[in-house]
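Chemist: I am attaching a structure below and will ask some questions about it afterwards.
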Amino acid sequence: MKLTPAQVKNLMRRGLRFLVDPEPEREDKKRVRDFFNDSCAYCGKRLESKDGDIDHLVSAALGGANALANRILSCKPCNAEEKRDRDWIEFLKEKCDSHTTFQERESRIRQWIEMNGGHPRLNPDISALLDKESERTTDEYDAACTRIRKQKRANKSVSLGDKKRESERLTMPQGQESGARAVEYGLQTARKIAERLGGLKIGKTRSNEYEINNRKVVIKCAKLKTDSVGVAYQMLDRIAAILGSFEIENGTYDIYELASDVYRANMKPTRSTGPAAGNVGIVKKTVFIDRGRFLMNLRTD
Ligand SMILES: [Zn+2]
């Protein structure tokens, strides 16, 4: 099994989470199917016995629990492609062609929540404790990675008998200069795109993080000849999606949205040996096209 540091940290978080909020058992999942009469709780589509997902009503990103009160039966399109992290009531409204249907399905879902304890979200105290312990555990893991990498680099340069070249490589005057230009391009282009999308700047001044439609996102831009973008692992933990903005032949940008978990599942560690090493995951444009959602094409000038 090949795991990136970000995937390892994700597993650590999940490992702690399962202590207080385990996945439902197989029999429980059967109860979900029975209660919703083998039909999608959102759109009403009838599902064959193997079809459909036991979906999180409130997404994990919004504090939703794994417990049954937060699990309903959903068809794949509703769950995986359409609802994502959105508010379930808003989403349900869209899926119902009349107010009566909406009321019926909403009350069915509420009935299920009540039958299973009444709380789709994890208890806030438990949630805060989990966040704290997860942070502590993953920070310690990061620190261990840094120590080991440092030792590995030191060993390598000693064994090559080439300490001079190693130190030259680390200072990298040219690389830093072009790196600084790339950062500046990223900041300015992201700012222009955010303006068009009505985004609100959040996070650090130089981070490219924005809030758009109440969701935290990062806008990552790639010039025509660049076929991937990079996002810091730490940033992935606090944003819902990445807006990959890829310049095309006519100088405009095609913008795709990719959920953070999909990004995480498809990223490769950066090949950079500078400060980004071990901290940044790279995802190719093709992943944005295949697995993301096309938002729009924008001019930035
Ligand atoms: Zn559906």
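Chemist: Using Cα centres only, tell me the gap between the stretch 55-77 and the stretch 229-291 in whole Å.
Modeler: When both Cα centres are located, 26 Å separates them.
Chemist: With contacts defined as alpha carbon pairs under 8 Å and 6 or more residues apart, what's the relative contact order of the stretch 174-298 in percent?
Modeler: Values: 217 pairs, mean separation 24.8, N = 125.
Computed value for the stretch 174-298: 20 percent relative contact order.
Chemist: Given Ile89, Tyr233, Phe35, which one lies farthest toward the positive end of the charge dipole of the chain, if we put +1 on the Cβ of every Lys and Arg and -1 on the Cβ of every Asp and Glu?
Modeler: Sorting the options by dipole projection puts first Tyr233.
Chemist: Treat the count of other C-beta atoms within 10 Å as a stand-in for reagent exposure and order Val262, Val229 from fewest to most. Please list the in-between numbers first.
Modeler: Working: Val262 19, Val229 27.
Arranged by neighbour count, lowest to highest, Val262, Val229 become Val262, Val229.
Chemist: For a quick check: sort Arg84, Arg71 by the number of other beta carbons within 10 angstrom, fewest at the front. Don't jump to the answer; show the numbers that get you there.
Modeler: Details: Arg84 18, Arg71 26.
With the fewest neighbours first, Arg84, Arg71 line up as Arg84, Arg71.
Chemist: Which value in deg cm²/dmol, rounded to the nearest 500, describes the helix-derived mean residue ellipticity at 222 nm for the chain, given -39,500 (n - 2.57) per DSSP H run of n ≥ 4 and division by the residue count? Display every interim value, and only then the final one.
Modeler: On the way: 10 runs with 140 residues, N = 301.
That comes out to -15000 deg cm²/dmol.
Chemist: I've got another one for you. Dipole magnitude of the chain about its Cα centre, charges +1 at Lys/Arg Cβ and -1 at Asp/Glu Cβ only, in debye to the nearest 20?
Modeler: Values: 57 positive and 45 negative charges, 270 e Å.
Charge dipole, the chain, about its Cα centre: 1300 debye, nearest 20.
Chemist: Continuing with this model, one more query. At R0 = 25 Å, how high is the FRET efficiency between Cys145 and Leu298 if r is their beta carbon distance? Nearest 0.05 is fine. Don't skip to the end; give the middle numbers.
Modeler: On the way: r = 37 Å, r/R0 = 1.50.
Efficiency at R0 = 25 Å is approximately 0.10.
Chemist: From Cα pairs below 8 angstrom and at least 6 apart in sequence, can you work out the relative contact order of the stretch 29-108, rounded to a whole percent?
Modeler: Values: 97 pairs, mean separation 24.1, N = 80.
Taking the mean separation of contacting Cα pairs over the length of the stretch 29-108, I get 30 percent.
Chemist: For the residues Met296, Met12, what sequence is obtained by ranking on other C-beta atoms within 10 Å, fewest first?
Modeler: Details: Met296 13, Met12 16.
By the 10 Å Cβ count, ascending, the order reads Met296, Met12.
Chemist: Sort the stretch 225-293 into rounded, prolate or oblate with this rule: let a ≥ b ≥ c be the square roots of the eigenvalues of the Cα gyration tensor; rounded if a/c is under 1.5, and if a/c is not under 1.5, prolate when a/b is larger than b/c, oblate otherwise. Write out the running numbers ahead of the final one.
Modeler: Working: a/c = 2.04, a/b = 1.32, b/c = 1.55.
Oblate.
Chemist: Where a ≥ b ≥ c are the square roots of the eigenvalues of the C-alpha gyration tensor, would you call the stretch 10-96 rounded, which needs a/c under 1.5, or, failing that, prolate if a/b is larger than b/c, or oblate? Don't skip to the answer; put the middle values down first.
Modeler: Values: a/c = 2.19, a/b = 1.34, b/c = 1.63.
Oblate, since a/c reaches 1.5 and b/c is not below a/b.
Chemist: Among the DSSP beta bridges whose two residues both lie in the chain, what percent are antiparallel, rounded to the nearest 5?
Modeler: Working: 31 of 37 bridges.
Taking every DSSP beta bridge within the chain, about 85 percent pair in antiparallel fashion.
Chemist: If you take every residue apart from Arg13 with its C-beta less than 14 Å away from the C-beta of Arg13, what net charge results, scoring Lys and Arg +1 and Asp and Glu -1?
Modeler: Details: positive: Lys9, Arg14, Arg17, Lys132, Arg136, Arg238, Arg264; negative: Asp21, Asp131, Glu133, Glu135, Asp139, Glu140, Asp142, Asp237, Asp261.
Taking every other residue near Arg13 into account, the sum is -2.
Chemist: Evaluate the relative contact order of the chain (contact order divided by residue number), counting alpha-carbon pairs under 8 angstrom at least 6 apart; express in whole percent. Walk me through the intermediate numbers first.
Modeler: On the way: 392 pairs, mean separation 36.4, N = 301.
Computed over the chain, the figure is 12 percent.
Taken together, the values in this text are just the output of simple stated rules run on the coordinates, not laboratory data. Keep in mind that this is a model prediction, so the values were computed, not measured. Neighbour counts are summed over all protein chains in view; Cβ atoms, including those assigned to glycine, are modelled from backbone coordinates with ideal geometry.
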